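The values are calculated or read from the model by the stated rules, or taken from the named source; none is laboratory data. Only a predicted model underlies this, so the values are computations on that prediction, with no experimental measurement involved. When we count neighbours, we look across all protein chains shown, and the Cβ atoms used for this are built from the backbone with ideal geometry, even at glycine. Protein only, heavy atoms only, side chains kept; ligands, DNA and RNA dropped before computing areas. Shrake-Rupley method; radii C 1.70, N 1.55, O 1.52, S 1.80 Å.
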Amino acid sequence: MLIQLARSLVTALAATVLVIAPALAQDITGAGATFPAPIYSSWGEDYAKAGGSRLNYQALGSGAGVTQIINRTVDFGASDSPVAPERLEKEQLLQFPAVIGAVVVIVNVPGVDGTKIKLTGDVLGEIYVGRIRLWDDPKITALNPALKLPKIPISPAYRADSSGTTSIFTKYLSSVSPLFKERTGAGNSVAWRTGLGAPGNAGVAAAVKNIKGGIGYVEFAYAAENGMQALQLANGSGKFVTPTVPGFLQAAEQADWDNAKNMAATMLNMPGDNSWPIVSATYILVPRNPKDPARTQSVLKYVDWSFRNGAATADRLHYIMLPAAVQDRVRAQWATLAPAGKPLWPAN
Amino acid sequence: MNTPATPAIGTRKIHPADTTFRLSLHAAGAVVVIVLLSILAIMFMGGKLAFDTFGLGFIWGTEWNPVTQIYGALPAITGTLVTAILALCIAWPIGFGIAFFLTETCPEKLRTPLGVAIELLAAVPSIVYGMWGFFVLAPFMSEYVQPWLTSTFIWIPPIGDSFFWFTAPPIGVGMLTAALILAVMILPFIAATTRDVLLSTPQLLKDGAYAMGATRWEALTGVVIPAVRGSLFGAVFLGLGRALGETMAVVFVIGNAIRMPDSLMAPSATIASVVANNFPEAEPGTLDLAVLLALGFILFVVSFGVLAVARFLLRQERMS
């Protein structure tokens, strides 16, 4: 126990030191969500090569990112789930989406091609509360008349660690399955009624691979990097779709940005021919009343540069850029940042 | 330890350096106690919100739901105790066998290499055990061990209608797999401590037993074990203490399900694994963080109790 505690203290200390130490005059510091960390870092490297400030991003988790920006120990915080409007107000923060990610569902059903399996959100919800327990359940076979599904138990896998991916996935299930909403609900970590938890995307993927009859959810970027096959889900129009980048874009374009408070537009279960139903943005938080406005401005410059030049990197790392119209909305939000009456955007 | 010295050696003066030395030793000793008590106090104060909200019911509440903010620690406490005790049941006989082999029947040549091998087992980082457990042991368990256990022990009647011993879908991870990994991890501790205890048995007693024509088994059960019984228990409890707090290896193989288990092979969670999984995202001032610290406090108390019992048993032996 003592060793454990010492270990966690050391980790916490190390994390603090890491965040504070490299805060040199011109470096941008950020902390938060692990999901967008690879792309933020890659964009940061490219931006520095192009003559911009250097970025130091610490992937400590969304919760830590929010805490750090509230304490103003970093220049920006990053969170997978949007922060509540009252909290943004109280802590004087501006929130905007930076990049889009999707969650896909992977399966291991012996003798069946996983990409051919079709599920509705409703059925997926019943699987994840333990109501549907076998792969040859009538509700599943009805959706897949052409497949020969075996009579083996379904073993749902989920993220053991508190995670933004879980938040997106459970928000989706709660929005399409009343049963799931009632029994489990949405959050970074929830009370799963059945199945097993594994650490990280890699853990969930390995659990599904190891267990016959396994089903699990991972970030699209992770599935794509590792060549994993994902099943088809019904979207808002009731069409069964395979997860593809155009499908994610179609979902993002349809989100109701006009009425989205603090730019937290939902992109879940959108209609369309290709729209993938589990799509979400990840967010950046900057202070409205920065101690050093120049530093906040350099964050905006970095994001703006990435919006304009980062598409190839995003493609390579399997992230989805914000649609151009949404990028313009984000810039319009930046224009409302005016500490001491001096607008930070457009930057000269 | 008052300064007035006995008059007989009254010419000797207490040198200031002696006083300084003595005081600094006291301070060094006090640091340990202060650190220990402050950790305990900080864990309790941090977790106070949890105890205030749920009362003592926090300890036996069976629901753990971050969405509705209802937290009960019983699933995690159960998982912790069951895996640790199972691990002990597996590791103790083997550790004892190793220790007895090393001290009594092992050829002189093998003694050192075997001893080193056991110590190396203790030096393997826990994350390595975890990954090995997850990628190698878990598939093996699900493919061979679990189906066999289920079909072999199906006759054991369940406890009520909620606990089925060995009847569970073969998913590889769960309390049994975690217990196996823990058993391997605590084996070197138990073996090494037991070996030292056995070595401390007076040779005269053993020689006496053999002189009476006792076999090795008779000497062991009739003379050695009765002579060092308490210390042997002490060795076991030290292993238990380690099993209770192990984190990284367990996170990989326990299945991380914070609900009451329905079989020995069911996925579960331990206090340490719950804290490790949820700590990074728990924000200061929230109930989420308070329950984690309260869990830490409970684990601290349990581990402390186990160590206290171990100390007590070891000391009793020395005094008798």
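Annotation for segment B:91-112: no member residue is touching a Ser or Thr at 6+ places or on another chain (Cβ under 8 Å) and within 14 Å of chain A (Cβ to nearest Cβ). Applying the set (1) under 21 Å from the mean Cα position of the chain (by Cα); (2) modelled with pLDDT under 90 to B:D18 leaves exactly one unmet item: (1).
May I ask you to verify whether A:I70 is on the phi < 0 side of the Ramachandran plot, surrounded by 21 or more Cβ atoms within 10 Å (Cβ to Cβ) and of a type in the set (A, V, I, L, M)? Spelling it out, it is not the case that A:I70 is on the phi < 0 side of the Ramachandran plot, surrounded by 21 or more Cβ atoms within 10 Å (Cβ to Cβ) and of a type in the set (A, V, I, L, M). For segment B:280-293, a residue qualifies if it is open to solvent by 20 Å² or more (accessible area, probe 1.4 Å) and either modelled with pLDDT of 90 or more or more than 7 Å from chain A (Cβ to nearest Cβ) (or both), and the qualifying residues are B:G285, B:T286, B:L287, B:D288, B:L289, B:L293.
Given the criterion at the interface with chain A (Cβ under 9 Å from one of its Cβ atoms), open to solvent by less than 10 Å² (accessible area, probe 1.4 Å) and either more than 26 Å from B:G61 (Cα to Cα) or in a helix (DSSP H, G or I) (or both), identify the matching residue among B:G241, B:G255, B:G296.
On the way: B:G241 fails: open to solvent by less than 10 Å² (accessible area, probe 1.4 Å); B:G255 fails: either more than 26 Å from B:G61 (Cα to Cα) or in a helix (DSSP H, G or I) (or both).
Residue meeting the stated conditions: B:G296.
Taking the criterion of being more than 7 Å from every other protein chain (Cβ to nearest Cβ) and not charged (D, E, K, R), the residues of segment B:259-271 that qualify are B:M260, B:P261, B:S263, B:L264, B:M265, B:A266, B:S268, B:A269, B:T270, B:I271. Of all residues in segment A:273-314, those satisfying the criterion of being assigned to a loop (DSSP other than H, G, I, E, B) and either touching a Phe, Trp or Tyr at 6+ places or on another chain (Cβ under 7 Å) or closer than 22 Å to A:G61 by Cβ (or both) are A:W276, A:P277, A:I278, A:G310.
Candidates A:G195, A:G164: the one that is in contact (Cβ under 8 Å) with a residue 60 or more places away in the chain, within 12 Å of chain B (Cβ to nearest Cβ), buried (at least 24 other Cβ atoms within 10 Å of the Cβ) and within 22 Å of A:D80 (Cα to Cα) is A:G164.
A residue that is closer than 30 Å to B:F164 by Cβ, facing chain A (nearest Cβ under 8 Å) and assigned to a helix (DSSP H, G or I) occurs nowhere in segment B:218-238. The sole residue among A:Y222, A:Y217 that is aromatic (F, W, Y) and open to solvent by 20 Å² or more (accessible area, probe 1.4 Å) is A:Y222.
Number of residues in segment A:73-87 that are of a type outside the set (D, E) and either open to solvent by 30 Å² or more (accessible area, probe 1.4 Å) or free of Cβ contacts under 8 Å to residues at least 24 places away in the same chain (or both) equals 5.
Regarding A:K212, is this residue at the interface with chain B (Cβ under 10 Å from one of its Cβ atoms), of a type in the set (K, R) and not in a helix (DSSP H, G or I)? Steps first, please.
On the way: at the interface with chain B (Cβ under 10 Å from one of its Cβ atoms): yes; of a type in the set (K, R): yes; not in a helix (DSSP H, G or I): yes.
When the stated conditions are applied, A:K212 passes them.
Residues in segment B:18-35 that are β-branched (V, I, T) and open to solvent by 100 Å² or more (accessible area, probe 1.4 Å): 1 in all.
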